[in-house]
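This report refers to the structure that appears directly beneath it.
Nothing in this text is a laboratory measurement; each read-out follows from the coordinates by a stated rule. Model, not experiment: these values are computed from the prediction. Note that we place each Cβ from the backbone using ideal geometry, even for glycine, and neighbour counts take in every protein chain shown.
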Amino acid sequence: MAFYCLYAKCPLHVSIIFFATATYFYYRSWRLNPFEDHILFALLVLAFALFVRGKLNRLGGGAFGYVGLVSYPFYLLHQNIGVSVIGRLHTVDWPMAGQPSA
């Protein structure tokens with residue numbers, strides 16, 4: 001909701017309330033995660049904020065745009081393919097570890 005407020009240009013006090021609430025809940029869970037997770041989270045928040053504000057539009061064209069366009073159908077199919085492969089692997093009679101194969 002906070003990032004939507006950035007996108008929709010909500011009144012400043014509404015944006016501040018949403019970001020303060022999110023920051024409060026993040027602060028409450030701070031000690032539950034290693035420091036590296038906090039760095040990664042901060043980078044993801046920054047990247048998403050830049051995306052919402054339209055600062056990453058240059059990445060949509062050129063090679064990135066082509067790779068995204070070509071790979072999107074595979075993204076849509078990967079779960080179905082994975083479920084099928086896992087289902088097939090369960091039907092194979094795999095030798096048990098430590099036992100000689102027949």
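Select from Val85, Leu32, Met1 the residue farthest towards the positive end of the dipole of the chain; place +1 on Cβ of Lys and Arg, -1 on Cβ of Asp and Glu, and compute about the Cα centre.
The residue sitting most towards the positive pole is Met1.
For the chain, what is the mean residue ellipticity at 222 nm derived from helices alone (per DSSP H run of n ≥ 4: -39500 (n - 2.57); sum divided by total residues; nearest 500 deg cm²/dmol)?
Calculated at 222 nm, the ellipticity per residue is -24000 deg cm²/dmol.
To the nearest 0.05, how large is the calculated FRET efficiency for Phe64 and Arg28 if R₀ is 30 Å and r is the Cβ-Cβ distance?
0.25
Relative contact order of the chain: what whole-number percent is it, with Cα pairs under 8 angstrom and at least 6 residues apart?
23 percent
Using only the alpha-carbon atoms, how far is helix 62-91 inclined from the longest principal axis of the chain? Give it as 0 to 90 degrees, nearest 10.
Here the helix axis deviates by roughly 40 degrees.
Scan (i) 61; (ii) 77; (iii) 53 for the value of percent of Cα pairs over 16 Å apart calculated from this model and give just the label.
(ii)
For Ala8 and Gln79 in the same chain, what is the full-extension length gain: residue separation times 0.36 nm, less their Cα-Cα distance, in nm?
Answer, rounded to one decimal: 22.2 nm.
Give the Debye-formula value of log10 I(q)/I(0) at each listed q (0.19, 0.24, 0.26 Å⁻¹), with one equal scatterer per alpha carbon of the stretch 1-55, two decimals each.
The Cα Debye sum returns log10 ratios of -0.73, -0.99, -1.06.
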